[in-house]
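Below you'll find the structure, written out as structure tokens, and then a few comments.
The values are calculated or read from the model by the stated rules, or taken from the named source; none is laboratory data. Everything numeric here is computed off the predicted structure, so don't read it as measured data. FYI the Cβ positions are ideal-geometry reconstructions off the backbone, even for glycines, and counts take in every protein chain you see.
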Amino acid sequence: MYVFRNIHLYVINYKVYILYSNLNTLQNYIFVTMNWSAELLQWWQQQTWYEVIAVITGLACVYLAARNNILNWPFAIISVSIYLYIFFKAHLFADMGLQAYFLAMNIYGWYYWLHKPDDSGLAPVKSITQKQLLISVGSIAACTVILGSGLKYTSASYPYLDSFCAACSVVAQLLMARRVLQNWLLWVFVDVIYVGIYYFKDLHLTAIMYAVYIFMATMGYVEWRREYKKQVHPNG
């Protein structure tokens with residue numbers, strides 16, 4: 001009888017211990033969740049309204065471009081106009097100049113897509129030529145050295161890396177405006193680098209946007225490659 005009573009007390013104590021452990025785990029989970037939610041709310045409150053608009057229009061621009069939709073250009077114009085100011089404040093002067101270039105190229109791209117249509121109402125997708133490839137590589141190298149050498153005497157952050165990314169972006173944007181398929185591969189490459197740059201400059205929303213750009217640029221390459229194959233082999 002004494003043995004059974006001890007076993008019964010042991011079982012009760014064990015159940016109480018399990019219940020206490022579960023309650024303690026639940027309490028810790030609630031605490032961590034509330035703490036994480038508070039940190040997320042605080043982070044969100046630190047974001048500026050104009051960066052939010054720039055990110056939304058930027059994502060819309062790349063999505064529509066990947067879908068071969070000409071409406072990508074007006075969204076791009078809004079986004080780059082706002083980023084002119086954002087990058088000026090962040091001392092990313094190469095990127096600021098890049099946005100001015102993007103603004104001009106977006107207007108040009110909009111015009112080009114409208115005035116050199118194929119049967120779908122758009123200029124046809126083309127593959128990069130060997131001449132275009134050599135010019136692109138040479139231009140990126142030259143612009144990186146020249147622009148980086150100048151920016152290192154300013155308060156610019158990461159003068160050479162920023163210049164390299166800006167040069168890659170200039171070439172990629174020109175190739176996109178000319179509807180060259182491989183523009184998307186260059187965008188994937190440079191967007192990976194930009195994610196790190198913007199994260200370390202505390203432009204977290206922009207870093208997230210560029211991470212999404214990587215996926216969208218991959219989707220764009222697949223979509224344009226499919227379109228290019230249809231043009232090359234219309235009956236295939």
Go through the residues of the range 114-124 one by one and say whether even a single one is under 30 Å from Gln47 (Cα atoms) and either at pLDDT 85 or above or basic (Lys, Arg) (or both).
-> no
Provide a single number: the residues in the range 203-236 that are touching a residue at least 40 places away in the same chain (Cβ under 8 Å) and within 24 Å of Leu84 (Cα to Cα).
-> 10
Please state which of the following conditions Asp162 fails to meet, knowing it meets all the rest: (1) under 16 Å from Gly97 (Cα atoms); (2) surrounded by fewer than 23 Cβ atoms within 10 Å (Cβ to Cβ); (3) not hydrophobic (A, V, I, L, M, F, W, C).
-> (2)
Does the range 69-92 include one or more residues that are touching a residue at least 40 places away in the same chain (Cβ under 8 Å) and of a type in the set (D, E, K, R)?
-> no
Consider Tyr85 carefully, then state whether it is over 13 Å from Gln173 (Cα atoms), in the same structural domain as Val180 (by TED's automatic domain parsing), part of a helix (DSSP H, G or I) and hydroxyl-bearing (Ser, Thr, Tyr).
-> yes
